[in-house]
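Below is one structure; the comments refer to it alone.
The values are calculated or read from the model by the stated rules, or taken from the named source; none is laboratory data. Keep in mind it's a predicted model, so treat the numbers as computed, not measured. When we count neighbours, we look across all protein chains shown, and the Cβ atoms used for this are built from the backbone with ideal geometry, even at glycine.
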């Protein structure tokens, strides 16, 4: 391990994060409704901490290794999660315990969207902006942002990118250099965010709600500035904007880049993952709409379609916005939506879940095994878009799936042992590992009633989901620390 270069990068990241506290300070000054002192103190403290870590090793230069990349990613998300909790803990207008503040911070940064807070409508604007901004930074990954500037500082960034970027294929780049890749991703991300904010504003939101909700929509986070979430606005137009950008943000950003660069929308429909993603959403919407209408949950087919469409897209993409109390629907639908969140969005998107590409490959692998029973001597490669998938990729997909299921079971049993009922435990762990947010049972609306030990386990599950399990679990192996 190269401890000096690790400290140097952590120091730089903390200084970048301190700069992100400037907007909440300005919002507090503009609205004059509290939180100015808290954010100012945290900004100065984080900046000083970053300087103390960076300054003694500022001239140290050394190429990062794979192990360094994993360690920096995990350390940074952990440190940032704790540092990000300070405004929630310090601000008197947000009466949170240390555990609750850390839970809220990690939920924002991992784009989970699970919350402890109530009374959002009466909270200082700076706190509301900060919660949404945390999700926006976590959405694409603040480390990918930093990778764009690391080459200018003489630090290679490929190791960080490979450790941070979600999906089974880590080496796919949309530009020749890693810094160009990171910049291209952020241009797309910022472009979607601005477009989403404008869409919300034209649909009827004020500028504050439009920008803050665009942060959590494009990040597929689900935080809102109102307790009632999107239902607060009771606007089909606003819901339509949210649906469009939730779907768009769940698509592989490399596809967006290709489509924008060549101005060819058909490139989306050549991608097997995109076709599976859209097909699943359509099937889910049809099932939800039909079930809601036939069981007379809503009086008209139009209402059934409106609420079925929105909640299916929101839960399936792991965003977590709500325009109705879906947890109160007949049990079949909430459970179906939770299962859809396990699949999530596309690899290379801001969505959570296990990613659509993995399920496509798992399905093809299952079909191959069935065919091999009939033709035991045949060579049957798994193909995607006409190309054979290497066996090491298939092994990695199966490995991820098995570790995911095993980890899910262990964490679910742990919180059940702490007194959580089965429905709540299942949905809470699913919501955390899929970075979804809302669950069922006691956590259908928020996570206030969970005990502190349960909240710590759920926080760990959020981080597992955000870093796609292996990035975090690899640190717990003896091989990682062996020289």
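Worth a mention:
- Qualifying residue in region 265-278 (condition: closer than 23 Å to residue 140 by Cα, touching a strand residue (DSSP E or B) at 6+ places or on another chain (Cβ under 7 Å) and buried (at least 16 other Cβ atoms within 10 Å of the Cβ)): yes
- Out of 280, 255, sole residue that is under 14 Å from residue 316 (Cβ atoms) and either free of Cβ contacts under 8 Å to residues at least 12 places away in the same chain or in a helix (DSSP H, G or I) (or both): 280
- When residue 292 is tested against (1) crowded, with 23+ Cβ neighbours inside 10 Å; (2) within 29 Å of residue 256 (Cβ to Cβ), only condition (2) is not met.
- Residue count, region 233-252 (criterion: surrounded by 21 or more Cβ atoms within 10 Å (Cβ to Cβ), in a loop (DSSP other than H, G, I, E, B) and at pLDDT 90 or above): 3
- Looking at region 332-440, none of the helices (runs of 4 or more DSSP H) lying wholly inside it contains 3 or more residues that are touching a residue at least 60 places away in the same chain (Cβ under 8 Å), under 17 Å from the mean Cα position of the chain (by Cα) and farther than 30 Å from residue 288 by Cβ.
- Checking residue 451 against (1) surrounded by fewer than 24 Cβ atoms within 10 Å (Cβ to Cβ); (2) in contact (Cβ under 8 Å) with a residue 60 or more places away in the chain, the condition it does not meet: (2)
- Residues within region 48-71 that are over 26 Å from the mean Cα position of the chain (by Cα) and in a helix (DSSP H, G or I), tallied: 9
- Among residues of region 80-109, those that are in contact (Cβ under 8 Å) with a residue 24 or more places away in the chain and in a helix (DSSP H, G or I), counted: 18
- Residue selected from region 110-134 under the condition in contact with a helix residue (DSSP H, G or I) (Cβ under 6 Å, 6 or more places away or on another chain) and in a loop (DSSP other than H, G, I, E, B), by the criterion nearest to residue 218 (Cα to Cα): 111
- Residue within region 25-34 that is modelled with pLDDT of 85 or more, under 26 Å from the mean Cα position of the chain (by Cα), outside any helix (DSSP H, G or I) and surrounded by fewer than 21 Cβ atoms within 10 Å (Cβ to Cβ) present: no
- Search result, residues across region 197-214 that are outside any helix (DSSP H, G or I) and either surrounded by fewer than 16 Cβ atoms within 10 Å (Cβ to Cβ) or without any contact (Cβ under 8 Å) to a residue 12 or more places away in the chain (or both): 204, 206
- Just one of (1) within 21 Å of residue 360 (Cβ to Cβ); (2) in a helix (DSSP H, G or I); (3) touching a residue at least 24 places away in the same chain (Cβ under 8 Å) fails for residue 220. It is (2).
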